[in-house]
1. Mind checking whether some residue in region A:130-145 is farther than 17 Å from residue A:270 by Cβ and in contact with a strand residue (DSSP E or B) (Cβ under 6 Å, 6 or more places away or on another chain)?
2. Among A:152, A:138, A:129, which is the only one that is within 23 Å of residue B:310 (Cβ to Cβ) and in contact with a Pro (Cβ under 8 Å, 6 or more places away or on another chain)?
3. It is to be established whether one or more residues within region A:273-283 are more than 16 Å from residue A:47 (Cβ to Cβ), away from every other protein chain (no Cβ under 14 Å) and outside any helix (DSSP H, G or I).
4. Of the numbered conditions (1) in a helix (DSSP H, G or I); (2) without any contact (Cβ under 8 Å) to a residue 40 or more places away in the chain; (3) within 14 Å of chain A (Cβ to nearest Cβ), residue B:138 fails exactly one; give the number of that condition.
5. Just to check your reading of the model, which residue among B:94, B:115 is at pLDDT 90 or above, part of a helix (DSSP H, G or I), closer than 19 Å to residue B:251 by Cα and more than 23 Å from the chain's Cα centre (by Cα)?
6. How many residues does region B:71-96 contain that are in contact with a Gly (Cβ under 6 Å, 6 or more places away or on another chain) and away from chain A (no Cβ under 13 Å)?
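The values are calculated or read from the model by the stated rules, or taken from the named source; none is laboratory data. This is a predicted model, so every value here is computed, not measured. Cβ sites come from the backbone with ideal geometry, for glycine too, and all protein chains shown count toward neighbours.
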Amino acid sequence: MNSTSNIRSLLTAGWLQGAIPPILLVALILIIELAAPGFLSGETLMLLLANTAVLFILAAGVTFVILIGGIDLSIQAVASLASVILAQLLPGIGMAAFPVAILGGLLFGILSGYVHVRLKVPSFVATLATGGVVAGIALWLADGRAITIEEAGRENTAWINGTVAGVPAVALIAAVIGLVAFFALRYTPFGRHSLAVGAGEPAALAAGINVPRTKIIAFAVSGTLAAIAGTILAARLSSGSPNLANQLLLPAIAAVIVGGTAITGGLGGVARTAVGALIISIVRIGMTFIGINIFAENVVFGAVLITAVAITIDRSKIAIIK
Amino acid sequence: MTADIDNLKSVRGAARPSLIGAARRLTSGRAAPLLVLIALCVLITIANPSFIEPRNLIRIANSSAVPLTLAMGLTFIILLGSIDLSVEGSLSIAAMVVVLLATNDANSNHFGWFAVVAAIAASTAMGFASGLVQTMLRIPSFMATLGVWFIGLGISVYMLGGSAVRLMDPSIRDLALARFLGLPLGVWVALGAFGLACTIQYYTRLGRHIVAVGGAEDLAELSGVNVRRVRILAFGLAGFFFGIAGVLAAAQLGRSDAVIADGRLFAAVTAVVVGGTALTGGEGGVINTLIGVLIVTVLGNGMILLGVSPYVQQTVQGLMIIAAVALSLDRQRLQIVK
C-alpha cells in the first residue's frame, strides 16, 4: 500500500517536472501579448512557426545525440555545407540537389559517430573536429563566398517558401520530421536503446544492447536533420554559404536543454525539444516585438536563457551538476 | 588498483602488435602532445626551413599570446570537469572596458593603466557570475556560461554602440608594439600568466582542490573540500585570465568591436584538449595546455608557410585534433567515452 502511494507521488512529480516547459511557454506568450498587444494574431503565430522550423529541425537532431549522453557540435557546419551543396547543384540537377545535400549530412553524421565510437574520442572533441573538417570542405566548395540561388534554381525551392492551407510549408515539414522523430524515439528498438545508453551505458552494455551501433545511428540522425535544416535555410534565404548556420549551433542546444532534456542523457525527447525551440524563438521574436534595443537583445536573451534553464531543468536525475 | 590497471595495460599492449599499436604505445601517456609538437616542428622545418628563423618564431610567440592566456583560464574549468563557454563574452567585456576607459576615439576618457585594472576586474566579475549562477541555481556550466556569453557579448556590443572604437593610449598599445629581449611585451605578459597558472595549479590549495573535484566530485566533498567555493573561485580565476587576454587582444588589434572575440572559444577549447587535458576533468593541466596552444599555433603558421589554401586549413586542423586525441587518450581510464 505504502509502496504504491510512493510510486504515485513519483509519477505526479515527474509529470509536474515535464509540464514546466509548456507552462513557461504559455507564460512567455502571455507576457509578450500583454506588453505588446497584437502578438497573439494568426499571422504572427504563423511567422513564429515558420521561423522556429529550422531551429527545431536542428535541435531535434541534436536531441538524439544528447539523449545518448553525447553532444554534437558539428551541426552548424553540416547545415552550412548542405546549403552550399544545394545552392551549387540546384541549377544543374534541379530537385535532385536536395537528396544529395541531405546524403552529405548523413555521411558526415556517420563520420562523427565513427570517430567517436571507434577511435574513442569524446563526442565533444570528435564533433568539434569533424565540424572543423566539414566547415573547411564547405569553404573550399564555395570558394569562401556565399552562393546566390538564381532565378532558375528558385523554381525548385519555391515550394518550401509557400504555404499549404495557410500554414507555412516549412512548419509542416518540421512537424512531419518532429512526428517521425517522436515515434522513432518512443516506439522503435533504436529509441529505447538510445534512452538506455544515455541513462546508464554500463547497464546498457550488460543488457546486450549494441551500444556502438546505437551511438552511430544517433549521430547519423543528427547529421541528416542538420543537413535538412541547412537546405531549408538555403531555400528560405535563396543563398548557400559556408557560414550560413553559424549562429544556430548554441541556440539549438539551448532549445534542447530548455525543453527539459537532461544534458547528461537518458531523459527527455523530441516533444520537449519542440517546446524548447518555441521558447527560444518566442524570446527572440518577442524582444523585437516589445522593442528592446537591438544591441541589448543578447543581454536579455542570455538572462532569459539562464532563468529558463534554472526553471525547467530536472535535477532529480542528475547526481552531480558539472 | 594501480597494479591492476598496469597489468591491464601491459596485457592490452602486448595483444596489439600492429603498427598502430606501436605508435599508440610510443605516444600514450603524458609525453604524447610534446612528441606531436616536436614532430610538427621537424616536419615543417624540413618542408620550409624559414620556419625556424627567429623572425618566424617571434611571430608564433606573438600569435600564441592571447590564446595561451585564454586557455590558461579555460584549463582550470575543464580540470573541474565543467566547460566555460563564456570565453568570448568575458574577453569582449574586458576589451570593451579597456578601450572605453583608456584614451580612445569615442569619448574623452584617459584613465591609462586604471582602465586595464578595471577591464580585468570586469571580466573577473563575469567569471564569478558564471560560478555563482552555476552553483547557486544548480544548472550545468554548459548552460550557465552559454547565458553569460550572450550577456557579456550583448553588454559590450551595446556599450560600443555596434561600432569599432580605436585604442589610442600609447602605453597600453606598447603591449603589442614595444619589445623586451626581442619579444613583444604581450608575450611576456602571457608567459607571466602561464607562470601564475602553474603556481596556482601546483602550489596552492585551490589548484589541488580543482583537480580533486574534477577527478571525483563526491569523494572530494566527502574529504571536506568545499566544492561550491572551489567552483566559484575557479570560474572567477578563469574570468581573470580572460580579462588579461581581452586587454592583450585590444592592444594587439588597437581597437575593440563586436567581433573581437569571434572564434576564440573553439580555438581555446581545441588547444586545451589537444594538450591532453581530459574533458571529463581531473587530468592534465596548464603545462599540457601550453603545449596544446603551441601545437595549434605552429600548425596554423606551418600551413601558411607551406602555402596550404586557407579554406583547407580548418579541415587539416580538425583532422589534427582527431589524430592528437585519438593517439594520446589513456584508454584504460576511459571505459566509457561520452
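1. Within region A:130-145, the subset farther than 17 Å from residue A:270 by Cβ is A:130-145.
Remaining after also requiring in contact with a strand residue (DSSP E or B) (Cβ under 6 Å, 6 or more places away or on another chain): none.
No, region A:130-145 contains no residue that is farther than 17 Å from residue A:270 by Cβ and in contact with a strand residue (DSSP E or B) (Cβ under 6 Å, 6 or more places away or on another chain).
2. Numbers: A:152 fails: within 23 Å of residue B:310 (Cβ to Cβ); A:129 fails: in contact with a Pro (Cβ under 8 Å, 6 or more places away or on another chain).
Every option except A:138 fails the conditions.
3. Scanning region A:273-283 turns up no residue that is more than 16 Å from residue A:47 (Cβ to Cβ), away from every other protein chain (no Cβ under 14 Å) and outside any helix (DSSP H, G or I).
4. The single condition residue B:138 does not satisfy is (1).
5. Details: B:94 fails: more than 23 Å from the chain's Cα centre (by Cα).
Residue meeting the stated conditions: B:115.
6. Residues that pass the stated criteria total 3.
Okay, residues lined up against (1) among the β-branched types (Val, Ile, Thr); (2) touching a residue at least 24 places away in the same chain (Cβ under 8 Å); (3) more than 18 Å from residue B:152 (Cα to Cα):
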| site | (1), (2), (3) |
| --- | --- |
| B:247 | yes, yes, no |
| B:250 | no, yes, no |
| B:254 | no, yes, yes |
| B:262 | no, yes, no |
| B:269 | yes, yes, yes |
| B:274 | yes, yes, yes |
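Okay, residues lined up against (1) part of a helix (DSSP H, G or I); (2) acidic (Asp, Glu); (3) at pLDDT 60 or above; (4) within 30 Å of residue B:260 (Cα to Cα):
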{"site": "B:6", "(1), (2), (3), (4)": "yes, yes, no, no"}
{"site": "B:11", "(1), (2), (3), (4)": "yes, no, no, no"}
{"site": "B:16", "(1), (2), (3), (4)": "no, no, no, no"}
{"site": "B:25", "(1), (2), (3), (4)": "yes, no, no, no"}
{"site": "B:33", "(1), (2), (3), (4)": "yes, no, yes, yes"}
{"site": "B:43", "(1), (2), (3), (4)": "yes, no, yes, no"}
{"site": "B:58", "(1), (2), (3), (4)": "yes, no, yes, yes"}
{"site": "B:61", "(1), (2), (3), (4)": "yes, no, yes, yes"}
